[in-house]
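The values are calculated or read from the model by the stated rules, or taken from the named source; none is laboratory data. Please read all numbers here as calculations on a predicted model, not as lab measurements. Here Cβ is always computed from backbone atoms with ideal geometry, including for glycine, and neighbour counts include all displayed protein chains. Side chains are part of the model used for accessible areas, which takes the heavy atoms of the whole protein and leaves out ligands, DNA and RNA. Shrake-Rupley method; radii C 1.70, N 1.55, O 1.52, S 1.80 Å.
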Amino acid sequence: MKEIEASVLSIIPSGCELAKVEVEGPQVVIYLKNVKAFYEDENLITKIASKLRKKVLVRGDVSILQPQEKALAIIKEIVPPEAGVKDVRFDPNFHEVLIEAAKPGLVIGKGGSVLKMIILQTGWSPKVLRVPTMPSETITAVRSALLSQSEQRKKFLLQLGKKLYTPGKPTEWVKITGLGGFREIGRSCLLLQTPSSNVLLDCGLNVDPSDPSKAYPYLNATNLELDQIDAVILSHAHLDHSGFIPYLYAYGYEGPVYCTPPTRDMMVLLQQDCINVMNSEGGKAPYSERDIKKELTHVITREYGEVTDVTSDVRFTFHNAGHMVGSAMIHLHIGEGLHNLIYSGDIKFGKTRVCDSASTVFPRAETFLLESTYGGRQDVKPRIEETEAKFCDMVRQTVDKGGKVLVPVIASGRAQEIMCVLEEYFKEPNFTVYIDGMSKEASAVHTAYPEYLRRTLQRRILQNDSPFEKPMFKTVQNSEHRKQIAESDEACVIVAPSGMLNGGPSLQFLKLLAHDAKNLLILVSYQSSMTIGRKLQQGDREIPIVDERATKQETLKVNMSVQSMEGFSGHSDRSQLLNFIRSVRPKPMRVLTMHGDNGKCEDLARTINKMLHVETRVPMNLDSTRLK
Ligand code: ZN
């Protein structure tokens, strides 16, 4: 602490009247009595940040904070009314004022000019949050929870800051151990270790309940207590990557979860839904709402490209993965340049309607861990344009003859992709598209983070022309409404989670629609083995299911048509994966494959070895690989 203070003092002019320096987790905060003097030199903050090699924030000392009422009046005067400010709230623990606005750009001002005026005139550091264009319970709940737990968050961040500044042992070795998601899909979890670090990358669960022994990652095989884990770094919000994190908090983990801001909100939404689904289907979720709350207190968000210290010898940076809103690859810089590891998470190297394609340029890359969902020899998918046209043709034919189309989707990602396609192809259709379950809420979260979306979608949301809000989309209210829709004569399309029909609204709709040959089921995402989706994909038309109260087995006769299209995937197909790894700069020295069925991981590794002449490996769960 003394050292940091001395560094700050050596740069900062005395006129700024430095009151104190705090280390809040990975960032350094300087409190000043004279903020105006600080802003006289525009490069000051960059100078301090590069000297400390940390993110640096400036806040007003408590003595210069205007009373909240007065500060509010000043803010109302400074911020132009066109900014559409919805809410202004003060967070005294962080000396911050949170301004929620429809047009954050106008609260920021040119080159940050409006923000600067706010801190100069009120003493409070402004933090601007975008109001989603659709009302979102998740965003409201997350923002309120963060504010109401701000005292605990402050305490946690200060403690973490102290820990991060404790010198570690020399980095003599680096190793990784697969705890889940190796030679399989589901429960992704990787343990990265050095003599002074234990870091988890992802901590998911297998949502496919067919084999309970494979539901959770092998945390208990590590000989580590949960409180020995230093950090969890999360690639994206899907439950097979994030679904087990609240469990860590339920059983003693007290460290941070690093993720992008949209991943935080989407993760909370999906975990909450996971609890509801598990508990309602006769099972028991491995954690409760309280644990999600605790997790939220410990989340530290980072944007793409921000370098962040995780421990004394591990630092990471997120890079766009193109897979869903906020999804990231994780670049790890270990032991001051000793080793660089990239963990792909799930990636899409190719066009989708929601996200930009995955990035390929990294500062350094020795080892690359690459997903292999569609890495098998057979996994070459048709072009997205063909897939979309074929999908819309099938929809048209079915609705024209008065049938209903059921499209099971993952609530976040595929649902929005399908909505964008339908909206573009049908413009003002003579049928309704019903949006069920969490899909609507997930769409709303998208509208709060347009900067994480593909340019065309981003522009539409910013211009208040979000495709998700078109009148053709209607929300399904409850199971009674589901019955009404199914029993009516109306031709329609239903977009409903879960994507593999292993529970949730899509399964309820399947039960209601399966008898009628006029109806059509279109499977648009990956179907893992043993799921109802996979059975239907394979041609089974008599599906064993449990009744509504989960008390007895029944057989569901499926007369409706079933079509399967994988071109919509948020994952890269085989040729995209190969193109991707070929494009990665610098070229990695070693590629390890993961997140795919056994044969696919092997297939992909073999081809990459031949193509790039680099070492490849296909680790199993619990295999450890020494990287250095
Ligand atoms: Zn995913």
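By the gyration tensor of its Cα atoms, with a ≥ b ≥ c the square roots of the eigenvalues, what is the shape of the stretch 264-347: rounded for a/c under 1.5, prolate for a/b over b/c, or oblate? Because a/c hits 1.5 or more and a/b exceeds b/c, the stretch 264-347 counts as prolate. Relative contact order of the stretch 65-131, taken over Cα pairs closer than 8 Å and 6 or more residues apart, is 36 percent. The angle between the Cα long axis of helix 439-448 and the main principal axis of the chain comes to about 30°, on a 0 to 90 degree scale. The label-point distance for residue 50 and residue 213, in a model that sets each label 7 Å from Cα toward Cβ, rounds to 5.8 nm. What shape does the stretch 319-413 take by its C-alpha gyration tensor, where a ≥ b ≥ c are the square roots of the eigenvalues and a/c under 1.5 counts as rounded, a/b above b/c as prolate, and the rest as oblate? Note, shape of the stretch 319-413 comes out prolate. What shape does the stretch 115-154 have by the C-alpha gyration tensor, where a ≥ b ≥ c are the square roots of the eigenvalues, rounded means a/c under 1.5, and otherwise prolate means a/b greater than b/c and oblate the rest? Cα axes put the stretch 115-154 in the oblate bin.
Relative contact order of the stretch 2-63: 36 percent, from C-alpha pairs under 8 Å at least 6 residues apart in sequence. For the stretch 161-307, the alpha-carbon radius of gyration amounts to 1.04 times the rule-of-thumb value 2.2 N^0.38 Å expected for a compact globular protein.
A 1.4 Å probe run over the chain, with the rest of the protein chains in place, finds 41 Å² accessible per residue. Annotation note: trypsin sites (Lys or Arg not before Pro) in the stretch 248-301 located in DSSP loop regions with a Cβ neighbour count of at most 12 within 10 Å are 284.
For the chain, the longest principal axis of the Cα atoms and the long axis of helix 384-400 meet at an angle of about 50 degrees. When the alpha-carbon atoms of the stretch 394-568 are used, the pair Rg, Dmax equals 16.0, 51 angstrom.
Karplus-derived 3J(HN,Hα) values for the stretch 343-358, using 6.51 cos²θ - 1.76 cosθ + 1.60 with θ = phi - 60°, are 10, 6, x, 9, 10, 10, 9, x, 7, 9, 7, 9, 10, 6, 5, 4 Hz; glycine and proline are entered as x. Using only the C-alpha atoms, the convex hull of the chain corresponds to 147 Å³ per residue.
When the P(r) of the stretch 2-63 is calculated, the portion above 16 Å amounts to 35% of the C-alpha pairs. Principal-axis analysis of the Cα atoms of the chain puts helix 150-164 at an angle of about 70° to the longest axis. When you filter the GluC sites (Glu not before Pro) in the stretch 136-227 for DSSP loop state and at most 16 other Cβ atoms inside 10 Å of their Cβ, you are left with 172, 225. Of the accessible area of the chain, computed with a 1.4 Å probe over protein heavy atoms only, carbon and sulfur atoms account for 49 percent. Sequentially through the stretch 529-538, phi angles give Karplus couplings (6.51, -1.76, 1.60; θ = phi - 60°) of 4, 6, 7, 4, x, 5, 4, 5, 4, 7 Hz, Gly and Pro residues having no value and appearing as x. Using a cutoff of 8 angstrom between alpha carbon atoms and counting only pairs six or more residues apart, the relative contact order for the stretch 1-113 works out to 18 percent.
Over the chain, DSSP H runs of length four or greater, each weighted -39,500 (n - 2.57), average out per residue to a 222 nm ellipticity of -10000 deg cm²/dmol.
Spatial offset of the stretch 136-191 relative to the stretch 466-508 amounts to 36 Å, using the alpha carbon center of each.
The separation of the stretch 568-598 from the stretch 48-92, counted between C-alpha centres, amounts to 43 Å.
How long are the three semi-axes of the equivalent ellipsoid for the stretch 65-131, computed from the Cα gyration tensor as the root of 5 times each eigenvalue, in whole Å, largest first?
17, 12, 11
I'd like the trypsin sites (Lys or Arg not before Pro) in the stretch 14-74 restricted to DSSP loop residues with at most 11 other Cβ atoms within 10 Å, sorted by number. Answer in residue order: 53.
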